[in-house]
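Take a look at this one; I'll ask things after.
The values are calculated or read from the model by the stated rules, or taken from the named source; none is laboratory data. Fair warning: this is a prediction, and the values are worked out from it, not measured in the lab. When we count neighbours, we look across all protein chains shown, and the Cβ atoms used for this are built from the backbone with ideal geometry, even at glycine. What goes into the accessible areas is simple: the full protein's heavy atoms, side chains included, and nothing from ligands, DNA or RNA. Shrake-Rupley method; radii C 1.70, N 1.55, O 1.52, S 1.80 Å.
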Amino acid sequence: MAESMTGMKRTHRCGELSAANVGENVTVMGWVQKQRNKGGIIFVDLRDRAGILQVIFEESECGAEAFTKAEKLRSEFVVAVTGRVEKRAAAANENLSTGEIEVRAGQLRILSEAQTPPFPIEENSKTKEELRLKYRYLDLRSPKLQNNLMLRSQITTTIRNHLTGEGFMEIETPMLTKSTPEGARDYLVPSRVHPGSFYALPQSPQIFKQLLMCAGCDRYFQVARCFRDEDLRADRQPEFTQVDMELSFVDVEEVIDTTEKMVQRVCKEAIGLDVSLPIKRMTWQEAMDRFGSDKPDTRFGMELSDVSEVVKGCGFGVFTSALESGGSVRGINVKGQADMPRKKIDALVEFAKGYGAKGLAYLSVQQDGTYKSSFAKFMTQEELSALVSAMEGRKGDLLLFAADKNDVVYDVLGALRIEVAKQLDLIDNSLFNFLWVTEFPLLEWSEEENRFAAKHHPFTMPMEEDLPLLDTDPGKVRAKAYDIVLNGVELGGGSVRIHQPDVQEKMFEALGFTKESAYERFGFLINAFKYGVPPHAGLAIGLDRFVMLLVKAESIREVIAFPKVKDASCLMSEAPNVVDDAQLEELQIAVKPC
């Protein structure tokens, strides 16, 4: 029978007590982790978000009624206990922050009874994730997830305090906005009072934060909820949180400096990590050439080598045809793996095909100096030796090559480099390697739409020296854009925005927009810019990813209270789901059968 807590007031959380409290009378409340009846004495591990505390019930101390109730306790019962803090009679439990003490109970109330949970609430549970997510409210009781959520809250508070201290105003922007189909797919919300019309949930507050700069707000930030209808993976969710900021009268350096100081403070206060400033920088082109990725993991080597000049004119058609088509031949040197079994090499070939490769060429340098290769018969000994030399190959090394269009080669070797490093355990997980990647391409060609698309968004400022190329060779224009990367994960990014009408018009033209179509999509921003807009720039950092990386979780689901699974559904609430016909009728919406 559940009891009331009337007259009892919690004095401490379980994990807050220590040897300094010995002799005090305290009241603690929480969930029963475990009950052990030793006959005449009952041990209860009581858990709340602060930790676990051992409570002892002896009939001579707590009385027959409380002792009888203690005998009935089971896992996840919610109880209130009043008692005296004592030094542990037995040896201290070094695995608990409260391991030196225990509470000798004098009073017990059972506030809520509980059924046996579908899985144990414990650290490092082996329970399948699907079951954990179905009963997420139970999963969240685990110490690991409790700590993740508390750290996330602390990080958010630190960010707010830091940015406010730097002169930023926290301003909320609308959640119901106009759809501007440029980028990921929007989530649409039908309007009841405007039949046939729809709001879109924001993919980011981009346009509104630029309007705030037009409004003279100068420095804005927001811990913003954003929505993108895109395929999910370990570091993506359909709804996510980003730390969004925009600054007036600044250029690249000021945004980077502001962000670095915030990141440095968060890391120090959250996990005691000292981040050295300034953070290293690398241009987009350098990142692609060295790592095959615009978010490179720099915790290990195995960098790409361009051997296009070395193999030019050789007898291996795969290499020469790639070069003749304007592509390249590049490789990675897997040190000391010349004896990798053929079965493992074949598995790497299949992995590479998943990233667009037609195949993967390999060459191993044997200990006797001879070469074992998938293409040796097509090249002379001199050509093979020159290739090995260009790759800085030594006896015992395995060389892997991709030959295709540059973007395919980058994708293949960038992913292969990470995969091989994981297989060979080359990544030092104790490191936190931050990196800025700068000077991204402004535009990228869309084969699907047969036009250029914005690499970031249509309001990104080109590098001033590249402005003439907008008319002649838009694909070569670099952007005043910058991403901050941590351990191979894009933590966030931003850019200097276009504030000059003539440059914005040229940008729209490069994207294939007519004046009419540009105005239809972004008219309210274009109009605002007619009334005096300051130079401005901004950045957004993914809060979910940031916390995930700091706690070294494998997925952002581990740092989000109620996440979705891969098909964007919630196993706990069963969203999305059908709605009543009356609701659809009121919205004048009909659902077509598949």
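Hey, what angle do you get for helix 381-390 against the long axis of the chain, alpha-carbon based, 0 to 90 degrees rounded to 10?
The helix 381-390 is inclined about 50 degrees to the chain.
Continuing with this model, one more query. Tell me, what is the FRET efficiency for S197 and N527 to the nearest 0.05, using R0 = 22 angstrom and their Cβ-Cβ distance as r? Each step should come with its number before you reach the end.
Working: r = 21 Å, r/R0 = 0.94.
Efficiency at R0 = 22 Å is approximately 0.60.
Now, a different point. Expressed as an acute angle from 0 to 90° and rounded to the nearest 10, what is the orientation of the C-alpha long axis of helix 515-528 relative to the principal long axis of the chain?
50
OK, next. Modelling each spin label as a point 7 Å along the Cα-to-Cβ direction, I'd like the E123/K34 distance in nm, to one decimal.
1.2
Report, to two decimal places, the Cα Rg of region 76-174 normalised by 2.2 N^0.38 Å (N = number of residues). Don't skip to the answer; put the middle values down first.
Values: Rg = 19.8 Å, N = 99, 2.2 N^0.38 = 12.6 Å.
Normalised Cα radius of gyration, region 76-174: 1.57.
In nanometres, what is the gap between the two model label sites at I345 and Y519, each 7 Å from Cα along Cα-to-Cβ?
Result: 6.4 nm between the two label points.
While we're here: Quick check on region 237-281: what does the Kirkwood estimate of hydrodynamic radius come out to from the alpha carbon pairs, in Å?
Numbers: mean 1/r = 0.0813 Å⁻¹.
12.3 Å is the Kirkwood radius here.
Could you rank the peptides 166-179, 378-391 by their average count of other C-beta atoms within 10 Å per residue, with the highest value first?
Ranked by mean Cβ neighbours within 10 Å, highest first: 378-391, 166-179.
Compare M213, M150, M5 by solvent-accessible area with a 1.4 Å probe and give them largest first, with all protein chains kept in place. List each step's numbers first, then the result.
On the way: M213 0, M150 65, M5 90 Å².
Largest to smallest exposure gives the sequence M5, M150, M213.
How much length would be gained if the chain were fully extended between M175 and K335, taking 0.36 nm per residue of separation minus their Cα-Cα distance, in nm to one decimal?
Values: separation 160, 0.36 × 160 = 57.60 nm, distance 5.13 nm.
Once the chain is fully extended between M175 and K335, it gains 52.5 nm.
Which angle between 0 and 90 degrees, to the nearest 10, do you get for helix 406-423 versus the longest principal axis of the chain when only C-alpha atoms count?
40
Over the C-alpha atoms of region 276-413, what are the Rg and the largest Cα-to-Cα span, Dmax, in Å?
Expressed in Å, the Cα Rg and Dmax of region 276-413 come to 15.0, 51.
Using just the alpha carbons, could you tell me how many Å³ per residue the convex hull of region 445-538 encloses? Provide the component values of the computation, followed by the final result.
Details: hull volume 11.6 nm³, N = 94.
Cα convex hull per residue, to the nearest whole number: 124 Å³.
Report, in listed order, any pair from K38/K72; K312/K377; K128/K566; K335/K395; K312/K405; K38/K144 with a Cα-Cα distance greater than 18 Å.
Violating the 18 Å limit, Cα to Cα: K38/K144.
May I ask you to list the residues of region 327-362 whose amide nitrogen lies under 14 Å from a point 7 Å from Cα along the Cα→beta-carbon direction of E309?
Within reach of a label on E309, which here means backbone N under 14 Å from a point 7 Å along Cα→Cβ, region 327-362 contributes 329.
A further question on this structure: Could I have the simple spin-label model distance between E24 and V591, label points 7 Å from Cα toward Cβ, reported in nm to one decimal?
Taking the simple label geometry, E24 and V591 are separated by 5.5 nm.
So if I restrict to the alpha-carbon atoms in region 43-124, what is the Rg, and what is Dmax, the biggest pairwise distance, in Å?
13.1, 37
Could you tell me how many cubic angstrom of Cα convex hull volume region 287-337 has per residue? List each step's numbers first, then the result.
Working: hull volume 4.8 nm³, N = 51.
Taking the convex hull of the Cα positions in region 287-337, it is 95 Å³ per residue.
Once you have the alpha carbon radius of gyration of region 522-594, what is it after dividing by 2.2 N^0.38 Å, with N set to its residue count?
Numbers: Rg = 21.0 Å, N = 73, 2.2 N^0.38 = 11.2 Å.
This ratio for region 522-594 stands at 1.87.
Normalise the Debye intensity by I(0) for the chain, one equal point scatterer per Cα, no solvent, then take log10 at q = 0.07, 0.10 Å⁻¹ and round to two decimals.
-0.61, -1.05
While we're looking at this one, here's another question. Taking each pair of different alpha-carbon atoms in region 406-491 once, compute 1/r for the pair, average those values, and report the inverse of that mean as the Kirkwood hydrodynamic radius in Å to one decimal.
Working: mean 1/r = 0.0656 Å⁻¹.
Result for region 406-491, one decimal place: 15.3 Å.
For region 324-474, with equal point scatterers placed on the C-alpha atoms only and solvent neglected, what are the log10 I(q)/I(0) values from the Debye formula at q = 0.20 1/Å, to two decimals?
-1.24
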